[in-house]
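Trainee: Shown below is the structure under consideration.
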Amino acid sequence: MSNEEKANFWVIKYNIFEENSQLSDEQMQYLNILSSFVHDAHLNQNYNEYEFNVLNKHILAVFEPNQVINLIYYLDTPSIGVEPNACFWCNEISNPGPCETKERPQGGYYLARNATVKKYRFGIAMGGGSVEVPCTWQEWVAEG
C-alpha cells in the first residue's frame, strides 16, 4: 500500500465508525481531529509525538472504553524520512555486524550478530533500535 492508500484506509475506518455510532458534538470534534492527524501522519510519514499523546488522552476521556479500541491509532517514535515503499508491518534489519561467538548467561555459547532494526507499523517507519540476530556456523567461518 502507498502512503496515500494507508492514509485513506484510516479515514474510511473513522467514517465507518462515525456512521455506526451516535456521537456527541465533543466526540465528533475529537474524531475529526484524530482522523486528520492520522491521515497526515501517513502522508508525511512524520508527526508530533507530544500532540498525538495529548490527543489520545482526550479520546480516552470522551469515548467509551469499547469505542476507544476502534479509535486509538498507536504510533511509536516518529519516523525520520519519507519511505513510501515500506512494508505494512515488519521489522527491517539493517547494518548487521560480524557474526560472533557469544556466551549464554546459563553457560554455553551461540552465534549472533548485532544489527539495527527499523520497525514499520501500518507502513509507517516507527523507530527501532539495536537487536541481536542469530547467524550460522557457515557465516561465522566465512567471515573468519
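Trainee: Of (1) surrounded by 13 or more Cβ atoms within 10 Å (Cβ to Cβ); (2) part of a loop (DSSP other than H, G, I, E, B); (3) modelled with pLDDT of 60 or more; (4) of a type in the set (S, T, N, Q), residue 67 satisfies all except one. Which?
Mentor: Evaluating residue 67 over (1) surrounded by 13 or more Cβ atoms within 10 Å (Cβ to Cβ); (2) part of a loop (DSSP other than H, G, I, E, B); (3) modelled with pLDDT of 60 or more; (4) of a type in the set (S, T, N, Q) leaves (2) as the failure.
Trainee: So, one more: Restricting to segment 44-55, and then to whatever is open to solvent by less than 70 Å² (accessible area, probe 1.4 Å) and touching a residue at least 12 places away in the same chain (Cβ under 8 Å), can you tell me which residue is farthest from residue 71 (Cα to Cα)? Give the derivation first.
Mentor: Let us first name the residues in segment 44-55 that are open to solvent by less than 70 Å² (accessible area, probe 1.4 Å), namely 45, 47, 52, 54-55.
Subset that is touching a residue at least 12 places away in the same chain (Cβ under 8 Å): 45, 47, 52, 55.
Working: 45: 19, 47: 17, 52: 13, 55: 11 Å.
Among them, the one singled out is 45.
Trainee: What are the residues in segment 95-121 that are in contact with a helix residue (DSSP H, G or I) (Cβ under 9 Å, 6 or more places away or on another chain) and open to solvent by 50 Å² or more (accessible area, probe 1.4 Å), if any? Outline the logic, then answer.
Mentor: First, pick out the residues of segment 95-121 that are in contact with a helix residue (DSSP H, G or I) (Cβ under 9 Å, 6 or more places away or on another chain): 98-101, 111, 113.
Matches in segment 95-121: 98, 100, 101.
Trainee: I would also like to ask the following. Would you confirm whether any residue within segment 20-34 is within 19 Å of the chain's Cα centre (by Cα) and hydrophobic (A, V, I, L, M, F, W, C)?
Mentor: Yes, segment 20-34 contains a residue that is within 19 Å of the chain's Cα centre (by Cα) and hydrophobic (A, V, I, L, M, F, W, C).
Trainee: Looking at segment 14-43, which of the residues that are in contact (Cβ under 8 Å) with a residue 40 or more places away in the chain and surrounded by fewer than 18 Cβ atoms within 10 Å (Cβ to Cβ) is farthest from residue 62 (Cα to Cα)?
Mentor: 43
Trainee: May I ask you to list the residues in segment 70-123 that are in a strand (DSSP E or B), at pLDDT 80 or above and among the basic types (Lys, Arg)? Walk me through how you get there before you give the answer.
Mentor: Let us first name the residues in segment 70-123 that are in a strand (DSSP E or B), namely 89-94, 100-103, 109-121.
Cutting the leftovers down to at pLDDT 80 or above gives us 92-94, 100-103, 109-118.
If the condition is that a residue be in a strand (DSSP E or B), at pLDDT 80 or above and among the basic types (Lys, Arg), then 102, 113, 118 are the ones that fit.
Trainee: Now, a different point. Can you pull out the residues in segment 1-10 that are assigned to a helix (DSSP H, G or I) and surrounded by 15 or more Cβ atoms within 10 Å (Cβ to Cβ)? Outline the logic, then answer.
Mentor: Kept after step one, since they are assigned to a helix (DSSP H, G or I), are these residues of segment 1-10: 3-10.
Result: 3, 6, 7, 8, 9, 10.
The values are calculated or read from the model by the stated rules, or taken from the named source; none is laboratory data. Treat the numbers as computed from the prediction; the structure is a model and nothing was measured. Note: ideal-geometry Cβ built from the backbone for every residue, glycine included; neighbour counts use all protein chains shown. Protein only, heavy atoms only, side chains kept; ligands, DNA and RNA dropped before computing areas. Shrake-Rupley method; radii C 1.70, N 1.55, O 1.52, S 1.80 Å.
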